[in-house]
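Visitor: Let me begin by handing over the structure; questions about it come next.
Readers should treat all values here as calculations from the given coordinates under stated rules, not as data from a laboratory. Given the structure is predicted, the values throughout are model-derived calculations rather than measurements. A quick note on method: Cβ atoms are made from the backbone with ideal geometry, for glycine too, and the neighbour counts reach across all protein chains shown.
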Amino acid sequence: MRAAGILGTGAYLPEKILTNQDLEEMVDTSDDWIVSRTGIRERRISAEGEAASDLAYKAAQQALETAGLDAEQIDLIIVATITPDTTFPSTANLIQERLGAKKAAAFDLAAACSGFLYGVATASQFIQNGLYRYALVIGVECLSRIVDWTDRNTCVLFGDGAGAAVLGPVEDGSGFLSFDLGSDGAGGELLKLPAGGSRMPASEETIANKQHFLQMAGSDVFKFAVRVMGSSAEAAIEKAGLTKEDISLLVPHQANMRIIDAAVKRLGLPIEKVVVNLDRYGNMSAASIPVALDEAAKNGKIKQGDHLVLVGFGGGLTWGASVLKW
Ligand code: ACO
């Protein structure tokens, strides 16, 4: 079976910056509370009329350019998102048309913040078994559209952005060495967007009750995240036949610095080996890991032959980790 790896990455962050100071004007919060409890200082907010596919398209173009491929060569597009432009057509369909990726199959994948990991795990199977050669996996969110801007418990945490990766066959032992994916539907209630689906279609009542906004039991999600980030990363390292000492870089989901710190402590990694950008972007759900990966690749943090661990958790509940040899 051939190996699948990353041939190029890209990212796009909307221009508009919303700082903690801006939020102080909007809800009863403070820069000090947000920084000390989360590590977040500012986040990006997409412009009026700018939707997930607009962000994703720009990240995808960059990833194709870095990989040195044309859109026509792409066989598969997976968009991981919980904030698609529309329920259908999928955001992947919109990207396929806009890029001119004429031969690509395309679909969206919903695994919240774990979506990018679920996406690369899925795409790499097609490449490994020879059905497809090149796949484009995008993590994109416009979370600002589903956040209740009057709820201080959630609105300070999230941001908008897109990250993309082109996957293809690789040699010399590089590529994805392992995946560890998991789900615990019993925790679905902890993190959800209640209305707008077939269970609770949109109505005057759902709007009045603010049921089209993200709802979260923060401290329960926090405990789950601390547990699963460490255990999933460890499982992926073991499945790859490696030890913690072999890991050059950790690219974690960017939800909360205290969650990242706990995972780093458990893995025994020095903080220099961890990619952190939540201070600038907040939690961008499915976009957090690919944006962090793109930044690390472009600022020289990753060298050829490095072993990276990507790890995330999110709504569902879901989690995932992977060891990737660059
Ligand atoms: N500013 C000021 N005070 C606040 C704010 C705020 N922005 N938000 C909450 N508080 C208050 C609360 O009201 C509470 O006050 P009370 O004690 O008087 O009731 C107090 O701060 C403490 O609240 P906690 O929830 O206990 O604070 P905690 O230390 O747990 O931090 C946080 C909250 C940051 C949300 C944390 O629990 C967390 O990061 N959880 C994980 C969130 C996460 O990762 N979600 C992933 C979602 S991604 C996806 O799949 C979409």
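Visitor: Per residue of the chain, what 222 nm ellipticity follows from adding -39500 (n - 2.57) for every DSSP H run with n ≥ 4, rounded to the nearest 500?
Guide: -10000 deg cm²/dmol
Visitor: Could I ask something else about it? Run through every distinct alpha carbon pair of the chain and return the Kirkwood hydrodynamic radius in angstroms, one decimal place.
Guide: 19.5
Visitor: Can you list the aspartates and glutamates whose alpha carbon sits under 14 Å from that of LYS239, skipping same-chain ones fewer than 8 residues off?
Guide: Qualifying aspartates and glutamates at Cα under 14 Å: ASP180.
Visitor: Okay, moving on. Can you tell me what percent of all Cα-Cα pairs in segment 201-251 are more than 12 Å apart?
Guide: 74
Visitor: Next question, about the same structure. From the square roots a ≥ b ≥ c of the eigenvalues of the alpha-carbon gyration tensor of segment 113-200, which class results: rounded (a/c under 1.5), prolate (a/b over b/c), or oblate?
Guide: Judged from the Cα gyration tensor, segment 113-200 comes out prolate (a/c at least 1.5, a/b above b/c).
Visitor: Using per-residue counts of other Cβ atoms within 10 Å, averaged over each peptide, order 211-221, 159-169 from highest down.
Guide: 159-169, 211-221
Visitor: Which one of GLY163, LEU99, LEU136 is farthest out on the positive end of the charge dipole of the chain, using unit charges on Cβ (Lys, Arg +1; Asp, Glu -1) and the Cα centre as origin?
Guide: Ranked along the dipole, the leading option is LEU136.
Visitor: By its C-alpha gyration tensor, with a ≥ b ≥ c as the square roots of the eigenvalues, how is segment 113-264 shaped: rounded for a/c under 1.5, else prolate for a/b larger than b/c, else oblate?
Guide: prolate
Visitor: Cα centroids of segment 18-79 and segment 273-326: how far apart, whole angstrom?
Guide: Each part reduced to its Cα centre gives a spacing of 14 Å.
Visitor: Could you line up THR83, THR154 from fewest to most neighbouring Cβ atoms inside 10 Å?
Guide: Sorted ascending by nearby Cβ count, the order is THR154, THR83.
Visitor: Using unit Cβ charges (K, R positive; D, E negative) and no other charged atoms, how large, in debye to the nearest 20, is the dipole of segment 45-159 about its Cα centre?
Guide: 280
Visitor: Please quote Rg/Rh for segment 220-326 to two decimal places, taking the Kirkwood radius as Rh and restricting both calculations to Cα atoms.
Guide: Rounded to two decimals, Rg over Rh is 0.93.
Visitor: Quick check for me: using +1 on Lys/Arg Cβ and -1 on Asp/Glu Cβ, what's the dipole size of the chain about its Cα centre, in debye to the nearest 20?
Guide: That gives the chain a dipole magnitude of about 740 debye.
Visitor: Any chance you could list the semi-axes, whole Å, largest first, of the equivalent ellipsoid that the Cα gyration tensor gives for segment 1-135, using √(5λ)?
Guide: 33, 17, 14
Visitor: If you place +1 on the Cβ of every Lys and Arg and -1 on the Cβ of every Asp and Glu, how big does the dipole about the Cα centre of segment 27-107 come out, in debye to the nearest 20?
Guide: For segment 27-107, the charge dipole is close to 200 debye.
Visitor: Rank-order 88-94, 112-118 by packing density, defined as the average count of other C-beta atoms within 10 Å over each peptide's residues, highest first.
Guide: Answer by packing, highest mean first, reads 112-118, 88-94.
Visitor: Does segment 15-88 come out rounded, prolate or oblate by the C-alpha gyration tensor, with a ≥ b ≥ c the root eigenvalues, rounded set by a/c under 1.5 and, if not, prolate when a/b is larger than b/c and oblate if not?
Guide: Judged from the Cα gyration tensor, segment 15-88 comes out prolate (a/c at least 1.5, a/b above b/c).
Visitor: Hey, another quick one. Assuming a viscosity of 1.306 mPa s and a temperature of 10 °C, what translational diffusion coefficient in µm² per second does Stokes-Einstein assign to segment 92-142, Rh being the Kirkwood radius over Cα pairs?
Guide: For these conditions, the coefficient is 135 µm²/s.
Visitor: What is the set of long-range amide H partners of GLY196 at a cut-off below 5 Å, with H atoms built 1.01 Å from backbone N?
Guide: Placed amide hydrogens put ALA202 under 5 Å from GLY196.
Visitor: Mind ordering 99-106, 44-51, 1-8 by average Cβ neighbours within 10 Å, highest first?
Guide: Per-residue mean Cβ counts within 10 Å order the peptides as 1-8, 99-106, 44-51.
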